[in-house]
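Enquirer: Sharing a structure with you now.
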Amino acid sequence: MSTPLVEVSNLTRHFGDVRAVDGLSFAIHAGQVVGFIGANGSGKTTTMRIMATLDTPSGGSVRIGGHDALNFPNEVRRIIGWMPDAYGTYDNMTVLEYLDFFARAFGFRRTERKQRVEEVMEFANLTSLADRPMNKLSKGMAQRLCLGRTLLHDPPLLILDEPAAGLDPQARVEFKHLVRILAEEGKTLFISSHILSELGEMCDTMIFIDKGKLVHHGSSESLRRGGEETAVQVEVRVTGELHVLMEWVALNPRVELLEATRQGARIRVEEGSEAVLASVLKKMIADGVAVHNFHRMERQLEQAFVEILKGTPSTPSPPSKSVNTGNTGNTGSPPEPPPTNLKSQI
């Protein structure tokens, strides 16, 4: 494996007696899209602010692109794009003026600055809003503007804190589309959200924290399925007589009947590995059970998250995919601009 782009090691952050982050460690490799999940007060935003060089840890370390975030914040800020969950708006500033200010702060000059602002506005679908006062934007428009600011210096790592919070369904779809494009361009994205189903569609890896501690780090697929060593639930649908399936289940010790359905049954299989599931299906068909649909039932991410926090076993929800047998994935921002009109400087 290559050296991780982000290395968080034994990170702690105390606010008096409150341990907001408590010995947190994880690594992110370049090109990954990572979902960062936790209940309110779990330490997500504190962790992200430390990564963005906007807060100082009580202990531990954060290295981004090989640079220590505490000792070399300027080097880290060139690498990251920080999108907070909320940002200031100004009465006398348009969308274009706002982006132009930050382009100046990032060191762009004259023609290069104008070109970069135009590129970002086109990508974030802000061109038609160039002269709109930024305090007159809808929530979805405002989020696109914040994302545009984050992208101005073309950072390889984007840290997005609740980017879809408060968006209507259409705005969430638009924002998710932008995230997908950034991922396809090779950006590394670290995204916190409470909309876990959408994170599951976008992210390669999920990091769950609770009370500042790591409780899960793995793919969304593994989270939905659970471990291979544990028993899993399978829904079976058959053609022909149901009693043939019931008799087969009763005679095979590796499976257990959970519930009869109109077209088959839900069963528990002793182990969740693909090899075991394949052998169960093969034996069913060989023994004359007319199977036309055999699929493993998966947990919803929200359900998995709650169960991880509770430490309780899961009851999977029906999955979307099945096996048909046939016989049958702004940096530590410069200070916010003053509320002045910059049109004369553009």
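The values are calculated or read from the model by the stated rules, or taken from the named source; none is laboratory data. What you see is a predicted model; the values in this text were computed from it and never measured. Note that we place each Cβ from the backbone using ideal geometry, even for glycine, and neighbour counts take in every protein chain shown.
Enquirer: Cβ-Cβ below 7 Å, separation at least six or inter-chain, first residue in segment 267-294 and in a loop (DSSP other than H, G, I, E, B), second of a type in the set (D, E) and exposed (fewer than 14 other Cβ atoms within 10 Å of the Cβ): which pairs?
Expert: Correct list of pairs: E271/E229.
Enquirer: Across segment 256-275, what is the total count of residues that are β-branched (V, I, T) and in contact with an Asp or Glu (Cβ under 7 Å, 6 or more places away or on another chain)?
Expert: 1
Enquirer: While we're looking at this one, here's another question. Only one of these conditions is not met by A164: (1) over 23 Å from I207 (Cβ atoms); (2) touching a helix residue (DSSP H, G or I) at 6+ places or on another chain (Cβ under 8 Å); (3) small (G, A, S). Which number is it?
Expert: Failing condition for A164: (1).
Enquirer: Is there any pair linking a residue in segment 154-178 that is assigned by TED's automatic domain parsing to the domain that holds D85 and at positive phi to one that is part of a helix (DSSP H, G or I) and of a type in the set (S, T, Y), with Cβ under 9 Å and at least six apart or on different chains, and which?
Expert: Listed by first residue and then by second, the contacts come to E162/T45.
Enquirer: Output the residues belonging to segment 121-139 that are touching a Lys or Arg at 6+ places or on another chain (Cβ under 8 Å) and either in a helix (DSSP H, G or I) or buried (at least 19 other Cβ atoms within 10 Å of the Cβ) (or both).
Expert: A124, L126, listed by residue number.
Enquirer: Now for a separate question. Return the total of residues in segment 5-28 being modelled with pLDDT under 95 and not in a strand (DSSP E or B).
Expert: Residues meeting the conditions: 2.
Enquirer: Kindly check whether there is at least one residue in segment 55-74 that is within 28 Å of L137 (Cα to Cα), surrounded by fewer than 22 Cβ atoms within 10 Å (Cβ to Cβ) and of a type outside the set (S, T, Y).
Expert: Within segment 55-74, the first condition is being within 28 Å of L137 (Cα to Cα), and the residues that meet it are none.
No, the conditions are met nowhere in segment 55-74.
Enquirer: Here is a follow-up. Give me a count of the residues in segment 85-108 that are loosely packed, with under 13 Cβ neighbours inside 10 Å and either modelled with pLDDT of 95 or more or under 27 Å from F190 (Cα atoms) (or both).
Expert: Going through segment 85-108 one residue at a time, the tally reaches 3.
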